[in-house]
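The values are calculated or read from the model by the stated rules, or taken from the named source; none is laboratory data. Everything quoted here is computed from the prediction, not taken from an experiment. FYI the Cβ positions are ideal-geometry reconstructions off the backbone, even for glycines, and counts take in every protein chain you see. Only protein heavy atoms, including side chains, enter the accessible area calculation; ligands, DNA and RNA are left aside. Shrake-Rupley method; radii C 1.70, N 1.55, O 1.52, S 1.80 Å.
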Amino acid sequence: MKDKDYFLSKAKENFPELKYSVLTPDITEFIGLNGESILLDLGEHLVGYFSFAFDKLDVFVDAPVRLIIKFGEDMREINDDFSEYNGVLSKTWLQEEIINLDFPQKITMPRRYACRYIKITVERTTRPIRLFDFSFCASTSADITVLKSADTEDDLLNKIDLIATNTLKECMQTFFEDGPKRDRRLWIGDLRLEALTNYYTFNNLEIVKRCLYLFAAGECNELGFLPSFVYETPYYHSGATHIEDYALLYVVSVCDYFEHTGDKEVVNDLLGICKLQLESFKTTLDERLIATKQNGWFAFIDWCPGLECITALQGVYLYTLQRFGELLKTIGDEDYEKYSAFISEVRSASENYLYNGSKGVFVNASDNYQFSVHSQVWMILGGVITGEGAKKLLISSLDNKDFKQPVTPYMRHYVVEAMLKLGMKGEAVQYLKKYWGGMVELGADTFWEAYIPDDLDFSPYNDRMINSLCHAWSCTPSYFIRKYGL
């Protein structure tokens, strides 16, 4: 297996080129006093750097001018009172700056922002001031000149596709960011879904390879699992979080990449790490071949409150075994037969121990025997149940008050994937239109990190203000629409 320095050198070789464009709002200048404000609309969601010029209308300067500059991904964020924030993530992610200006000058804000709207309030001045020459320098590594319209016959699907590709574009910086407003990290779960959509839109293979190598360079935990996220600024650093479904989905991401490119060089570089993830997970199985809870945050699956993850995690394992076995067979790896034989054993165990015959559903093997859409979907994707029985099971669980429901576009992706695996193309289209279309109806420029149609204040972090309204894992409608001809 190659070492960290090798993987980092390969990541550096595939550093994507950032492309910049400068946009100016319609408003050209603002003259104001204390308490007065201006709202700039960029016309679309952008990621980048804001500049403006400042001058005083009176030559006498007796005190600095104080401005409050607020950046919002939508108008609700602009109108929020950030002083009331009470979430579990740092308040400093909220996009609001206070600056003091001593003399006329051109200002370029030092931080990068993700926004459509910019509100500037004159918090303190002793004389009228003038603000002008507003501009926003947007950045992305996506080449929009290669993007072709999905051009479906459905207007709503066309709108969804447009917003989904814009979501991906905004998250494509020097790697696949989870959200350009908050976190700005590379997470495995987001990487997999961004890469899939990228293949059918911008097809930037450099950024995919870079991300795969950045994870390969990460520090594994004591069980052998890859870190679930990495940073690249101010220097490369792999996160201390190691969640098992993400470690498995890294393997799937390598399989996806090979399926799309046929690039054996990258696969050969990463094959040992992929095998390590599966062998590491195997050590967590009990004597029945069922996944077990580990210390700490051992599985993600979804932000659904109170979700029990074991059965869904078992399905992720089976899904990964299946995909990896197919890869090994294609490249002629001698371990193919070993993985092929083992997957049958794990599927059999999953059916025996995780299926509740009296209820006709897969349950989480815990004291409360929780029902969830997540468990049904991952048992379908893992091949434990197929055909008409799987279709009936999935349909009966969706929007059923007795089942835990997905709360993120991330998990909703896998619902659609399960539908398409079962040949439920019509149902997949309707599901996609109902969920992502709901965000379209609410005026989304990009798709959100979390969305519950009946609870628009839902947040995984206890306060909606900190939610990302442009999030990587939400971009996959474009993948489905383009790959499957929806």
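Tabulated data for the structure shown
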| item | result |
| --- | --- |
| Estimated translational D of region 17-115 in µm²/s (Stokes, Kirkwood radius over Cα pairs; 20 °C; 1.002 mPa s) | 137 |
| Nonlocal amide H pairs with residue 218, under 5 Å, H built at 1.01 Å | none |
| Residue 334-residue 55 FRET efficiency (beta carbon distance; Förster radius 56 Å; 0.05 resolution) | 0.15 |
| Carbon plus sulfur fraction of accessible area for region 373-486, probe 1.4 Å, in percent | 48 |
| FRET efficiency, 1/(1 + (r/R0)^6) with R0 30 Å, evaluated for residue 386 and residue 434 via beta carbons | 0.75 |
| Accessible area per residue, Å², region 56-177 with all protein chains present, probe 1.4 Å | 47 |
| Length gained when the stretch residue 369-residue 106 is fully extended (0.36 nm per residue, less Cα-Cα span) | 88.5 nm |
| Assigned charges on the beta-carbon of Lys, Arg, Asp, Glu; the chain dipole about Cα centre (debye) | 300 |
| Neighbourhood charge, 11 Å Cβ-Cβ cut-off, centred on residue 149 and excluding it, Lys, Arg +1 and Asp, Glu -1 | 0 |
| Portion, in percent, of the accessible area of region 4-102 that falls on carbon or sulfur, probe 1.4 Å | 50 |
| Neighbourhood net charge (12 Å Cβ-Cβ; Lys/Arg +1, Asp/Glu -1) for residue 441 | +3 |
| Rounded accessible area per residue of region 380-450, 1.4 Å, Å² | 38 |
| Region 293-346 - percent of accessible surface contributed by carbon and sulfur, probe 1.4 Å | 47 |
| Segment residue 286-residue 342, extension gain: residue separation times 0.36 nm, minus the distance between their alpha carbons | 18.7 nm |
| Per-residue ³J(HN,Hα) for region 359-364, Karplus 6.51 cos²θ - 1.76 cosθ + 1.60, θ = phi - 60°, Hz, x for Gly and Pro | 8, x, 9, 7, 10, 7 |
| Nitroxide proxy distance, nm - points 7 Å out along Cα→Cβ at residue 441 and residue 29 | 4.5 |
| Label point distance in nm, residue 9-residue 154, each placed 7 Å from Cα along Cα→Cβ | 4.9 |
| Descending semi-axes in Å of region 91-240, equivalent ellipsoid built from Cα gyration tensor | 34, 25, 13 |
| Label-point separation, residue 452 to residue 174 (7 Å along Cα→Cβ), nm | 3.8 |
| Solvent-accessible ranking of 401, 19, 91, 70, largest area first, probe 1.4 Å | 401, 91, 19, 70 |
| Backbone HN-Hα couplings from phi across region 78-93 [Karplus 6.51/-1.76/1.60, Hz, Gly and Pro as x] | 4, 7, 5, 9, 5, 5, 8, 4, 9, x, 8, 8, 4, 4, 5, 6 |
| Efficiency of FRET between residue 297 and residue 135 - r from beta-carbon atoms, R0 56 angstrom, step 0.05 | 0.85 |
| Value at 222 nm in deg cm²/dmol, rounded to 500, when DSSP H runs of n ≥ 4 in the chain each add -39,500 (n - 2.57) | -12500 deg cm²/dmol |
| Principal axis box of the chain, alpha-carbon based, largest edge first, Å | 83, 50, 47 |
| Degrees separating the helix 409-421 axis from the principal Cα axis of the chain, which is the longest one | 40 |
